[in-house]
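Report on the structure given below.
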Amino acid sequence: MEYTYKLGFLGAGNMAKAIARGIIKSNILKANEVIMSDPFVTGDVAGINVINDNNVIFNECEYVLLAVKPQVFSTIVETLKETKVKNVISIMAGVKMAKIKSIIPTANVIRIMPNLPASVGAGMAGIAKDNDASKEANEFVKQIFASVGDAIFVNEADLDAVTAISGSGPAYVYYFIQSMIKAGVKYGLSEEDSKRLTLQTFVGAVEMVKNSNDSLDIMIDRVCSKGGTTIQAIDTFRGYDLESKIIEGIDKCKNRSEELSK
């Protein structure tokens, strides 16, 4: 069948807005090929019209991106007259593809775990593709999320791990950044200078990892010289078994994600 729009957003919150802006900025779609529905947002997002009519989203869009809370979605579906959507893209945390298909049985469902840096075009998304959907559909979804950072295909069973690594990961990085800034301030640096030193150190370290074929162990050793300064900090971290503590925290994050998916 023919659709009025290529893509419709159910919800126009911060993540939906970031994705919408990425789609338009990357020329994946034109603004008139996209529509958004949200009762609390008026006007437009990156030239995309925002309405308050969920029936338009589910009956006039080839793809529907679910960007609402699960309980809101369940309530909305009960009010729909019918659904003609062909492909559903879900960023709802903890809601499995099978659950969505039981509600909208005629649609293919592709499930995504994005993360907050998508709001600045530096996100990371894990995509569980629907094997019943066309290759074109799955690739289109990947293109959408790559427009706000990067995206990879994973199995749906791996989305809890994706949640623990990249979905929640920015908070872990913020925590370490915060600790380094506080250390700088403790030594007499201004907070502004300490923050600038810390942030550029993270940027530089990430770029070196991305552009090197060496293992992280080798890269750590290159910064540490025997009897020097850096090794004092690294030996302290190792003495506290910081690596296992970090992994233990990520384990708990993953376990909670699994609990919420049941």
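Read the figures in this text as sums done on the coordinates, not as results from a lab. The structure presented is a predicted model; accordingly, all values stated were derived computationally and were not measured. Cβ atoms come from the backbone with ideal geometry, glycine included; neighbour counts cover every protein chain shown.
For the reader, a short list of remarks on this structure follows.
- Candidate values (i) 15.9; (ii) 14.0; (iii) 16.9 were compared with mean projected area of the Cα convex hull in nm² computed on the shown model; the agreeing label is (iii).
- Close amide H pairs (under 5 Å, H built 1.01 Å from N) link Ile110 with Val88, Ile89, Ser90, residues at least 5 positions away or on another chain.
- Where N is the number of residues in the stretch 169-260, Cα Rg divided by 2.2 N^0.38 Å: 1.26
- Cα long-axis angle, helix 70-79 against the chain (0 to 90 degrees, to the nearest 10): 10
- Tensor-based shape of the stretch 74-199 (alpha-carbon gyration tensor, a/c under 1.5 rounded, otherwise prolate or oblate): prolate
- Angle between the chain longest axis and helix 135-146 axis [Cα atoms, degrees, rounded to 10]: 50
- Within the stretch 5-156, DSSP assigns beta bridges of which about 15% are antiparallel (rounded to the nearest 5).
- Put simply, when 87-93, 127-133 are sorted by average Cβ atoms within 10 angstrom per residue, most first, you get 87-93, 127-133.
- For trypsin sites (Lys or Arg not before Pro), the sites in the stretch 1-52 that DSSP calls loop and that have at most 15 other Cβ atoms within 10 Å are Lys30.
- Cβ crowding within 10 Å ranks Tyr172, Tyr187, Tyr240, Tyr5 as Tyr187, Tyr240, Tyr172, Tyr5, fewest other Cβ atoms first.
- Put simply, when 105-114, 246-255 are sorted by average Cβ atoms within 10 angstrom per residue, most first, you get 105-114, 246-255.
- Fraction of beta bridges assigned by DSSP in the chain that are antiparallel (%, nearest 5): 15
- Tilt relative to the chain, helix 230-239 - C-alpha long axis, 0 to 90 degrees, to 10: 70
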